[in-house]
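First comes the structure, then the notes that go with it.
The values are calculated or read from the model by the stated rules, or taken from the named source; none is laboratory data. Here the structure is a predicted model, which is why all the values come from computation and not from measurement. Note: ideal-geometry Cβ built from the backbone for every residue, glycine included; neighbour counts use all protein chains shown. For accessibility, only protein heavy atoms count, side chains too; no ligands or nucleic acids. Shrake-Rupley method; radii C 1.70, N 1.55, O 1.52, S 1.80 Å.
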Number of protein chains: 4
Amino acid sequence: MGKERLAAFSDGVLAIFITIMVLEFKVPSGVELSALRPLWTEFLSYVLSFLYIGIYWNNHHHMFAVTERVNGRILWANMHLLFWLSLIPITTNWMGVSHFAPAPTAVYGATLLAAAIAYWLLQSAIIKDQGSESLLAAAIGTDIKGKISPIIYLTAMIFAFFYPWVAGGLYTLAALMWLIPDPRIERFMEEMPSG
Amino acid sequence: MGKERLAAFSDGVLAIFITIMVLEFKVPSGVELSALRPLWTEFLSYVLSFLYIGIYWNNHHHMFAVTERVNGRILWANMHLLFWLSLIPITTNWMGVSHFAPAPTAVYGATLLAAAIAYWLLQSAIIKDQGSESLLAAAIGTDIKGKISPIIYLTAMIFAFFYPWVAGGLYTLAALMWLIPDPRIERFMEEMPSG
Amino acid sequence: MGKERLAAFSDGVLAIFITIMVLEFKVPSGVELSALRPLWTEFLSYVLSFLYIGIYWNNHHHMFAVTERVNGRILWANMHLLFWLSLIPITTNWMGVSHFAPAPTAVYGATLLAAAIAYWLLQSAIIKDQGSESLLAAAIGTDIKGKISPIIYLTAMIFAFFYPWVAGGLYTLAALMWLIPDPRIERFMEEMPSG
Amino acid sequence: MGKERLAAFSDGVLAIFITIMVLEFKVPSGVELSALRPLWTEFLSYVLSFLYIGIYWNNHHHMFAVTERVNGRILWANMHLLFWLSLIPITTNWMGVSHFAPAPTAVYGATLLAAAIAYWLLQSAIIKDQGSESLLAAAIGTDIKGKISPIIYLTAMIFAFFYPWVAGGLYTLAALMWLIPDPRIERFMEEMPSG
């Protein structure tokens with residue numbers, strides 16, 4: 001039961017994070033199409049964060065498909081990941097409402113960085129429990145994307161204070177890099193009968 | 001696991017969309033029954049969107065009942081569908097609060113159109129993966145409703161700028177057309193032992 | 001899959017209804033214990049509606065434990081029930097904020113009445129599909145509680161306009177009557193190995 | 001089905017409680033990093049309550065892993081627990097916004113105390129149904145943490161009126177004590193094949 005319940009709980013939490021972001025959208029103050037115009041930075045940051053939540057759900061899904069069991073350490077590593085992801089809606093909204101001002105844009109990157117570290121800790125907790133010969137360890141391989149992302153976020157956080165739009169571009173770039181699911185895990189799943 | 005988790009995640013997200021619409025209802029400002037009167041366009045648009053979310057849940061449910069497995073492309077096509085459905089609560093509310101003003105009514109139609117296209121992309125991704133001899137391809141058949149709906153939404157969007165109430169009527173008509181579940185998939189499910 | 005997914009979706013929606021009611025609580029305006037005093041009608045109506053959502057979840061749970069399969073009609077009867085339950089948070093809040101004023105108290109009863117009728121329609125749809133010799137039909141029996149409740153709600157709605165507190169008392173009475181789970185279904189479940 | 005559906009419903013509700021707390025965070029009023037400074041008590045109380053919801057989820061997860069079946073009494077004992085947990089987001093926020101003022105800090109402790117009692121009632125209901133030789137009874141053992149926690153909460157509630165920060169420290173201490181999952185249940189789960 002453990003693994004399924006952890007996955008289901010995480011799904012519930014992720015589903016709600018998407019929702020909170022939608023809740024932040026206020027009904028436009030006018031009834032003309034032009035009333036939508038000032039909302040475009042909010043919309044853009046919503047799209048970006050929707051992508052990130054989707055990426056985390058997708059990677060989480062792939063990771064637990066090759067995870068055999070969970071223990072107390074994994075449960076808490078997962079809760080820790082959810083904590084940082086829970087801050088994405090509010091930092092997204094701050095960035096959107098401020099039209100990508102320096103501080104909010106940097107704080108957004110800090111949240112992404114913390115979530116990336118939390119994800120890596122969760123992955124390590126699973127591999128530690130299940131051995132370096134486990135399905136997950138084999139499927140992850142060199143984990144290049146997992147190593148590059150934090151560097152991108154850090155770089156973007158520095159740029160945020162000088163050229164916030166470059167930071168926005170880097171966040172988008174990192175998201176697009178993750179959009180392509182890991183071919184190795186994908187292949188593993190296809191070879192398994194019930195995957 | 002994949003298919004069940006995707007279905008469960010989508011259910012969670014859809015359940016929350018219904019909720020967001022309810023959250024938009026503000027407590028009436030008076031304590032008399034007459035305080036409910038100005039809320040009737042909001043109520044009407046809530047009923048309409050509740051129907052649409054119900055229809056998508058129902059069709060999604062039927063579609064995944066005859067889907068055998070999921071892959072990365074299907075996961076993202078599903079996430080793309082959820083993105084457009086996530087905008088229904090806010091566009092519903094804008095339309096309701098504005099008493100079916102032209103622009104909000106047209107934007108509501110645009111959201112329905114984008115969701116319909118996203119649903120069709122998801123359906124195509126599943127059929128592409130599972131072959132034209134798959135259960136789903138056979139069950140969908142000519143997919144007349146899927147082809148008529150976008151035309152209705154487009155027509156309604158044009159009418160919205162001149163006679164918004166005609167647009168509202170067309171959205172209702174399209175919803176009623178979908179209320180009847182696809183007899184072919186229904187028959188398929190009854191013939192399967194575990195459906 | 002059908003039955004499980006319908007149950008899971010309903011659970012998600014019910015879970016969220018509880019949440020919406022909590023969201024309506026505003027942080028008290030003072031920092032003294034006395035700041036909690038004006039909130040007591042809101043708290044009371046929250047407890048009452050929490051009980052009702054709990055009762056519906058509980059009965060829904062028992063009903064689907066003896067339901068063998070679902071069809072399109074059952075799916076929509078369930079969606080119809082969720083629609084009326086979705087209005088409980090807002091009517092609860094209106095009643096609480098207005099300190100049990102006549103109109104809000106009557107509207108609350110109308111929502112309970114509509115939900116009770118919707119529940120009865122759902123039950124009938126299942127029995128119609130599964131036959132009068134089905135587990136559910138046998139377990140429901142004469143369904144005395146299901147027949148008395150609407151009468152209590154109707155009586156309370158009339159009292160609401162003259163003595164709102166009597167209406168509140170009747171809503172509480174009806175809730176307490178439902179708190180005791182149906183011994184017949186309970187017995188059925190115990191006799192089943194996997195119930 | 002019963003046990004799984006109860007666990008899933010509880011997960012959904014707990015997931016939403018986390019969300020409500022996030023929703024209470026308002027977008028900072030400035031666009032400078034310094035705009036985050038006045039929010040630190042809110043952030044601190046959010047972290048604390050996130051931990052508590054995580055602890056309850058974790059313990060709930062472990063408890064139901066060794067629960068064989070549910071009955072009406074267990075369903076309602078679970079609902080009763082969820083009721084008190086549902087008040088954590090609002091009391092958390094009151095405590096945070098008031099910068100740990102005496103009354104809100106004491107009310108927060110009262111909510112933790114009520115939840116702890118409700119958890120103990122749920123545990124007792126399961127053991128009563130499944131016998132003192134059940135897996136759960138054996139796994140719980142002397143339940144030292146369950147007995148110490150209410151005493152800590154009560155002590156903190158008294159301190160809250162004189163030294164609120166001591167109360168905050170005691171709440172944190174109790175949370176840290178629970179962070180370590182029960183080694184006995186953990187061991188039981190590892191010995192079971194499907195745990």
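Just a few scattered comments:
- Our Cα-only numbers for segment A:68-116 put the radius of gyration and Dmax at 13.9, 44 Å.
- Residues of segment B:98-128 buried by at least 20 Å² on assembly (accessible area, 1.4 Å probe, chain alone as reference): B:A103, B:V107
- From phi via Karplus (6.51, -1.76, 1.60), per-residue ³J(HN,Hα) for segment A:132-149 in Hz, x at Gly/Pro: 6, 9, 5, 4, 5, 4, 5, 6, 5, x, 7, 6, 4, 4, x, 8, 6, 3
- Annotation for the C:D interface, with buried accessible surface near 2900 Å², both sides summed [1.4 Å probe; non-protein components not counted].
- The candidates D:V66, A:V70, B:V31, arranged from most to least accessible area with a 1.4 Å probe in the full protein assembly, appear as B:V31, A:V70, D:V66.
- The rotation axis taking chain D to chain A passes closest to this chain D residue's Cβ, listed with the gap in Å: D:G12, 4.
- When chain C is treated as a Gaussian network with alpha carbon springs shorter than 10 Å, the biggest mean-square fluctuation among C:G109, C:G12, C:G168 belongs to C:G12.
- Distribution of pairwise C-alpha distances over segment A:103-162, 5 Å bins, in %: 4, 19, 22, 18, 14, 10, 8, 4, 2, 0
- Cα Rg, Dmax, segment B:1-95, angstrom units: 16.6, 54
- Debye equation applied to the C-alpha atoms of chain D, log10 I(q)/I(0) at 0.09, 0.10, 0.17 Å⁻¹: -0.37, -0.45, -1.11
- Subtracting the Cα-Cα distance of D:E68 and D:M177 from their residue separation scaled by 0.36 nm leaves 36.5 nm.
- Distances from A:R37 to itself in the other copies, using label points 7 Å out along the Cα-Cβ axis, amount to 3.8, 3.8, 5.3 nm in increasing order.
- Sorted from closest to farthest, the other copies place their A:M177 label points 4.6, 4.6, 6.4 nm away, with each point set 7 Å from Cα along Cα→Cβ.
- Whichever lysines have a C-alpha closer than 25 Å to that of D:K147, once near sequence neighbours (fewer than 8 apart) are set aside: D:K128
- A simple spin-label model places the labels of A:L36 and B:L36 3.3 nm from each other, with each point 7 Å out along Cα-to-Cβ.
- Per residue value of the accessible surface for chain D (all protein chains in place, 1.4 Å probe), Å²: 40 Å²
- In sequence order, calculated HN-Hα J values of segment D:117-128 (Karplus, 6.51, -1.76, 1.60; Hz; x Gly/Pro): 5, 4, 5, 5, 5, 5, 4, 5, 5, 5, 5, 4
- Taking the 1.4 Å solvent-accessible surface of segment A:1-100 as the whole, the part contributed by carbon and sulfur is 65%.
- Per-residue 3J(HN,Hα) values for segment A:164-176, derived from phi via the Karplus relation 6.51 cos²θ - 1.76 cosθ + 1.60 with θ = phi - 60°, read x, 5, 5, 4, x, x, 5, 4, 5, 4, 4, 5, 4 Hz in sequence order (x marks Gly and Pro).
- Where the Cα pairs of segment C:18-61 fall when distances are cut into 5 Å bins, in %: 5, 20, 23, 20, 14, 9, 5, 3, 1
- Only protein heavy atoms count here; under a 1.4 Å probe, C:T172 has an accessible surface of about 60 Å².
- Based on DSSP H segments of at least four residues, each scored -39500 (n - 2.57), chain D has a per-residue ellipticity at 222 nm of -26000 deg cm²/dmol.
- Take B:G146, move 7 Å from Cα toward the beta carbon, and the resulting point lies 3.7, 3.7, 5.2 nm from the same point in each other copy, nearest first.
- Cα-based Rg of the protein assembly as shown normalised by 2.2 N^0.38 Å, two decimals: 0.93
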